[in-house]
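**Q** A single structure is presented below for examination.
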Amino acid sequence: MTTFNKFVGLTLSLGLFLACGNKPKSLPYDYEAAAAAFTSDESFYPILDEELEVYKALYAQGEIKPVYTDQEDAIRQLVENKVWLAFTARQLSPRELESLKARSFMPRVIPIAYDGLAVIVNNANPDTCISVKDFRRILSGEATNWKDVYPKSKLGEIDVVFDNPKSSTVTYCVDSILGGKPINSGNIGAVKKSAEVIDWVEKHENAIGIIGSNWLNDKHDTTNVTFKKNITVMKVSRLDSATAYNSFKPYQYYLYNGNYPLIRTIYALLNEPRTGVPSGFAHFCRLPKGQMIFFRAGLLPIQANMNVRDVNVSKE
């Protein structure tokens, strides 16, 4: 009975509305289609898939599909109202913000975690420490041979590999390492996915790659201090000359205390005009359960409250 009355009321209201000579205004976007998916830079695939799996298990109405692409495409789809949520390693630019606000949107930028970018080399490479200065020399094209960085090296020309020409990794290297100058290495290439960077470095002795550390953690190690063994994760130093004592790997603690220099923020860019599943998933990533998933994956939660203990290790 209640349902019938509501239907009749809706019909009468619609009839009166049309009788006045007015037509319902169509929205300049398809809300349901945009709410059905989110975009993300492909380098965040492992951690976001974990977040999404738990979110769907906890919330019956949490159906949303990921679209993993490059960072610029992820943001473009957000600005064009094709999705309401995008995960990136940069905030919206002034031009992008202006475009959205001019259409009466109120975009939100939500930082959710910190990710250490790992520099990886082949296991046959005997040099396992590198300074930011020398890595900059490699990216700028100043150092093209391994001897230019390590005089005793026998590996020959440096083969630099990225995940995607428009990825957040490339953007970080240009903005944060090269100061806005383009990457100009003499022997540089880009594959399509982060997993392919690992495969390439594993198969080429002279290769060096940079990749989000969430791709490298050994899931069987709950201490988050073990990386995949098919490649070598280099120690990186802020000082001009890298040694084993002043260089660090992208472990959580070194992200937390600032010793590791290659750190980026992961953002949830939200532009949903009403509160729905995209908003729910973005905010879930900031809640304790969502933050714990980042922590267990080896990333640093944005709301980190770490307990640090000294441990004595016996070799007996």
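The values are calculated or read from the model by the stated rules, or taken from the named source; none is laboratory data. Please read these numbers as outputs of a predicted model, since none were measured by experiment. Virtual Cβ from ideal backbone geometry, glycine too; neighbours counted across all protein chains shown. To get the accessible areas, we keep the full protein, side chains included, count just its heavy atoms, and leave off ligands, DNA and RNA. Shrake-Rupley method; radii C 1.70, N 1.55, O 1.52, S 1.80 Å.
**Q** Which residues, counting only those in region 178-213, are surrounded by fewer than 21 Cβ atoms within 10 Å (Cβ to Cβ), of a type in the set (A, V, I, L, M) and modelled with pLDDT of 90 or more?
**A** If the condition is that a residue be surrounded by fewer than 21 Cβ atoms within 10 Å (Cβ to Cβ), of a type in the set (A, V, I, L, M) and modelled with pLDDT of 90 or more, then Leu178 is the only one that fits.
**Q** Sticking with this one: Could you grab the pairs with beta carbons closer than 7 Å, sequence gap of 6+ or different chains, first residue in region 71-82 and on the phi < 0 side of the Ramachandran plot and basic (Lys, Arg), second one modelled with pLDDT under 95 and open to solvent by 10 Å² or more (accessible area, probe 1.4 Å)?
**A** none
**Q** State all residues of region 230-284 that are free of Cβ contacts under 8 Å to residues at least 40 places away in the same chain and not hydroxyl-bearing (Ser, Thr, Tyr); if no residue qualifies, say none.
**A** First pass over region 230-284, keeping only residues free of Cβ contacts under 8 Å to residues at least 40 places away in the same chain: 245-246, 248, 257-259, 275.
Hits for region 230-284 are Asn246, Phe248, Asn257, Gly258, Asn259.
**Q** Hey, another quick one. Can you name the helices (runs of 4 or more DSSP H) wholly within region 10-126 that have at least 3 residues being of a type outside the set (Val, Ile, Thr), open to solvent by 30 Å² or more (accessible area, probe 1.4 Å) and at pLDDT 90 or above? Before you say what the answer is, go through the steps one by one.
**A** Working: elements: 31-35, 45-58, 71-79, 94-102.
Helices (runs of 4 or more DSSP H) meeting the threshold: 45-58, 71-79, 94-102.
**Q** For region 129-162, which residues satisfy the criterion of being open to solvent by less than 60 Å² (accessible area, probe 1.4 Å) and assigned to a helix (DSSP H, G or I)?
**A** Val132, Asp134, Phe135, Arg137, Ile138, Leu139, Ser140, Trp146, Val149
**Q** Now a separate question. May I ask you to list pairs of residues, at least six apart or on different chains, whose Cβ atoms are under 7 Å apart, with the first in region 176-188 being within 11 Å of Arg137 (Cα to Cα) and the second being open to solvent by 50 Å² or more (accessible area, probe 1.4 Å) and assigned to a helix (DSSP H, G or I)?
**A** From residues that are within 11 Å of Arg137 (Cα to Cα), the pairs are Ile177/Arg136; Leu178/Arg136.
**Q** Separate question: Does Lys56 satisfy being without any contact (Cβ under 8 Å) to a residue 40 or more places away in the chain and in contact with a strand residue (DSSP E or B) (Cβ under 6 Å, 6 or more places away or on another chain)?
**A** Working: without any contact (Cβ under 8 Å) to a residue 40 or more places away in the chain: yes; in contact with a strand residue (DSSP E or B) (Cβ under 6 Å, 6 or more places away or on another chain): no.
Here the answer is no, as Lys56 does not meet what is asked.
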